[in-house]
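To start, the structure itself, in C-alpha cells.
The values are calculated or read from the model by the stated rules, or taken from the named source; none is laboratory data. Values in this document were obtained by computation on a predicted structure and should not be read as measured data. As a convention, Cβ positions derive from the backbone with ideal geometry for all residues, glycine included, and neighbour counts pool all protein chains shown. To get the accessible areas, we keep the full protein, side chains included, count just its heavy atoms, and leave off ligands, DNA and RNA. Shrake-Rupley method; radii C 1.70, N 1.55, O 1.52, S 1.80 Å.
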Amino acid sequence: MTGTFHDFLKRSTVDLHGTFPYASLVPRMAWVGTLNDDGMPDEGIWDRSANEAFRKWIDECGAGSEAERKLIFQCCARDPLFFINAFLWIKQESPVPADLPFITWKRQEEYLELSVRKRLEVEADVTGQKRFDLLSDKPREVGWTWLNEAEGLHIVRFTPGATGLVGSRVDYDVDKRGASKTLFWKLDYFIEKLPKWFMPAEYWSPSKGYPTPSIRHRADKRISIPGFGTMLGSPTHENFGRSGRYQWMLPDEFAHVDRGQIGMGDRIWSATTATCRSRRVISTPNGRNNKFCSLRHSEPNEVFGTFTVHWYDDPLKTVGAYRLKEPKQIGPVTLQEGDWWSPWADGMRKAYDNDSLFAQEILLSYEGVGGCFYEGLLQRIKHEQVKEPFFVGHIKMEPGSSGPRVSGIMAAVDGFFSCWERWEDGFKWKPGQYVMAIDVASGSRDMGGRGASNSVACLGRLEGDRLVKVAQYAVHGLAPHLFAKVACALGWSFCGGKGQPAFAIWERNGPGETMGNSLMTECGYPSGGVYWETSANAGTARPGFQMNTNRRGDGTLAGSKVNVFYEHLRWLENGNYQEPSYATYVEMEQYVNVEDGGAEFARRRRSLDPSEARDNHGDTVIGTVLMVWGARELLSLNSTAKIEEQPPVGSVAYYQRKMKKAMSNAWR
C-alpha cells in the first residue's frame, strides 16, 4: 500500500454506528488452494501476506508523522478489532514456534463484538447499576486467552484511569518473566511487538530504551501505561478482586480454581460481583464439581451471558475437515453423523492417548476424566524435583531416659531409611522447625512374611513458608507399638533450636491410635510437640489427625481427608513444597480424581487381592500430605503468636496464650 493513512481513510467506507467501524479496512488471511467436497480447505496454505503488508505500511505511516499517529490512535481507540488485526502479534508454540500476526477469525469476532458492545453499555451507565458478565467455554489451542487479553490491553492502553485485573489459579501462571504460559508474558509480548512509537515514551526504560519497559511501569503483576490505565494480576484465591474497583476482569481457566481450593470459585464470584461490572470468565471444562460448570449451565439473562467456541471454529484446524458419515464414540462423547472431524482432531486424539481427556479439553465434555489428581505437576516433579537420596540404609536404636534414640546408621541398598541431607555428630540434623508425619499400618503379614502395607514417617524442615523433605522411613510388617519406637527415635534426631523433637502428626484412624498412645505414653514423646485435634462436637482435644470425609448436600465430598490432599496440591503448585522422593512420586501417579470431589489411590480402587495391599495403599503420599498439613499448623501457630495482643497477667486468656506460645515454641 502507498499514501498516507489520512488519505486511506478518506477514500474508505466506514460505518461509525457499528461496534467495529474500521475493522473491515484491515486485510485478513485468505486460503490459497483447493477445497474438498465439504467446502473445507484441502490442499494449499493460509496466506497472511496482505495483512503483513498492511501492518508494515501503517507502521511507516505512524513513524512518519505525528498527525498520522494521532489519527491511527483514534481509530485504534474506537475499534479494538482494528487494533488487534493491524498491530498485535501472537506467539505460536506448535507445530513450529513462530511469531504470527494476530488475525481474528469469524467466531473470535462474534465473541469480541458481544463482549465490547456489552462493556460499552455498562460503561455508559453513570448510575453504576448496569452490568454484564460473559462466560466462555473453549477448547485448548484456539487462542482464547490471547483474544481476551487483547481486549484487556486495549482498555488500559486507550482508557485513562482504567484498571483491569487478570488472574489464574497459581502465582506462576500469572506473572513469571520468561515463562510463555503466564498471562503477563502474553501482555509483554503484545507490547514488545508494537511499533516503537505506539506506546508512550515514558513506558520504556530510561537507560535501555525500547523494547525494555521501565521498572516504574512494569513491575511484578503490574503494567501501567503513562497517562492511561493499569493492568494488575493476582492468583485466583480468596482475595482475588475483593478490594478496589475494576473496569474489566479476566479470571482465566476458572473451572480449575476449585481444584486445590474447595469452594474457591463461589467465593471469588461472590466477592468480585461488587468490584467489577464487566467480568470475562473463560476456561476449558474440568468436570461438573466447580463454579464454572454451574455458571455455564445456568440460564443467560440481561446481566449474564455464555458463549461457546469449538475447535472447528478455528480455520487453521479445519484443513482437510469433513462431515462424519456415522456416529463416532470418543470417551463420554458421541459425535453424530454430520459433525465435523479433521486430520488435526485425529492427530490430537492420538496425542492425548486418553479419550476422556481429549473429550474434555477439545470436545468440551463436562463429564470429567477421573484423571490424575496431581495432573500437570508430575512431569515437573519427576524431572526437576526428584533426586537421589544422600543416604539409604537402616537405623540402629538404643533406649534412652525419655524414649528410644538413634545410635547408629548402616548403609543398605534396600534400607528403610532415606535422607536427602547429611547429618551432624550424634546422628542429628541441623536445628530447625521440623515436622514428622506418620502413616501407620496394622503390621500384619501374609504367609510369606509380606507386610500388608507400609508404615511411613516423613520428616521435613520449615524454611520460611517453604517445607523441605529431609528424610523418609518406610517399613512393612512392623506392629504399631513397635513403629512408635522408630518414630520417637527419628523425632529426637530432628530437633528444634530449643532441643525439642520434631512436631509429630499422625493419622489417628485404626492402628494410628495405638501408635500414638505408645509414642506418648511408653516412649514419653512430649505432648507439647504433637498435633492436637479438637472435636467440633465434643469440644475435646485428642492427639493425632482423624482422616474422614463427609458428603455435602450437593453430593460432593468434604472433610479432613479432602482438605489435606488439596492443601498438599496447593503447596506443590505454589512452589512451597517440592517432592524429592521417587517412591512418593510413583505413588502420586496413581492418585486420581473421584467424581464427588476427592482423591483416591487408583490401584486400591481396582484391586480385590488383599496380598497386594502394600502396593495399593499410597502410604508415602499419605505421610507427605500430613507433613504439609503439620507445617501449615506450625505456620499458623507462628503467625498467631506474632499478632496476638498480650492479655492481662493472671487472666484466663493470659494462661491460655502462655500455653499456646509454649506449644508453638516447643519445636522451633
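Just wondering, is there one or more residues in segment 573-593 that are at pLDDT below 80 and surrounded by fewer than 21 Cβ atoms within 10 Å (Cβ to Cβ)? Step through it out loud before you land on a result.
Going residue by residue through segment 573-593, those that are at pLDDT below 80 are 592-593.
Keeping just the survivors that are surrounded by fewer than 21 Cβ atoms within 10 Å (Cβ to Cβ) gives 592.
So far as segment 573-593 goes, yes, one or more of its residues are at pLDDT below 80 and surrounded by fewer than 21 Cβ atoms within 10 Å (Cβ to Cβ).
Scan the helices (runs of 4 or more DSSP H) fully inside segment 1-97 and keep the ones with 2 or more residues being touching a residue at least 40 places away in the same chain (Cβ under 8 Å) and open to solvent by 50 Å² or more (accessible area, probe 1.4 Å).
Working: elements: 5-10, 49-64, 66-78, 80-87.
The helices (runs of 4 or more DSSP H) meeting that bar are 49-64, 66-78.
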Can you name the residue in segment 126-141 that is surrounded by fewer than 23 Cβ atoms within 10 Å (Cβ to Cβ) and modelled with pLDDT of 95 or more and is also farthest from the chain's Cα centre (by Cα) among such residues? Lys130
Inside segment 463-480, the number of residues satisfying the requirement of being open to solvent by less than 30 Å² (accessible area, probe 1.4 Å) and either among the hydroxyl-bearing types (Ser, Thr, Tyr) or under 23 Å from the mean Cα position of the chain (by Cα) (or both) is 3
Quick one: would you say Leu120 is farther than 24 Å from Gln360 by Cα, open to solvent by 30 Å² or more (accessible area, probe 1.4 Å), under 29 Å from the mean Cα position of the chain (by Cα) and at pLDDT 95 or above? no
Entirely in segment 198-309, the strands (runs of 3 or more DSSP E) that have 1 or more residues that are within 30 Å of Ala67 (Cβ to Cβ): 222-224, 230-235
Are there strands (runs of 3 or more DSSP E) fully within segment 367-430 with at least 1 residues that are polar (S, T, N, Q) and touching a helix residue (DSSP H, G or I) at 6+ places or on another chain (Cβ under 9 Å)? List them. 405-411, 417-419
Residues in segment 146-185 that are in contact (Cβ under 8 Å) with a residue 12 or more places away in the chain, open to solvent by 20 Å² or more (accessible area, probe 1.4 Å) and under 19 Å from the mean Cα position of the chain (by Cα): how many? 6
Quick check on segment 159-180. Is at least one of its residues modelled with pLDDT of 95 or more, touching a strand residue (DSSP E or B) at 6+ places or on another chain (Cβ under 9 Å) and part of a helix (DSSP H, G or I)? no
Test: Glu151 is part of a helix (DSSP H, G or I) and more than 30 Å from Glu573 (Cβ to Cβ): no
Residues of segment 186-197 being without any contact (Cβ under 8 Å) to a residue 60 or more places away in the chain and within 21 Å of Glu68 (Cβ to Cβ), in sequence order, are Ile191
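Can you tell me how many residues in segment 310-338 are part of a loop (DSSP other than H, G, I, E, B) and loosely packed, with under 15 Cβ neighbours inside 10 Å?
To start, the set of residues in segment 310-338 that are part of a loop (DSSP other than H, G, I, E, B) comprises 310, 314, 318-321, 324-327, 331-332, 336-338.
Subset that is loosely packed, with under 15 Cβ neighbours inside 10 Å: 324-327, 336-338.
Qualifying residue count, segment 310-338: 7.
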Suppose the filter is open to solvent by 10 Å² or more (accessible area, probe 1.4 Å) and under 34 Å from the mean Cα position of the chain (by Cα); does Thr514 pass it? no
Residues of segment 390-435 being open to solvent by 80 Å² or more (accessible area, probe 1.4 Å), β-branched (Val, Ile, Thr) and under 23 Å from Ala484 (Cβ atoms), which ones? none
Selection from segment 339-364 of residues open to solvent by 10 Å² or more (accessible area, probe 1.4 Å) and hydroxyl-bearing (Ser, Thr, Tyr) yields Tyr352, Ser356
Taking segment 186-197 and keeping residues open to solvent by less than 20 Å² (accessible area, probe 1.4 Å) and part of a loop (DSSP other than H, G, I, E, B) leaves Leu194, Pro195
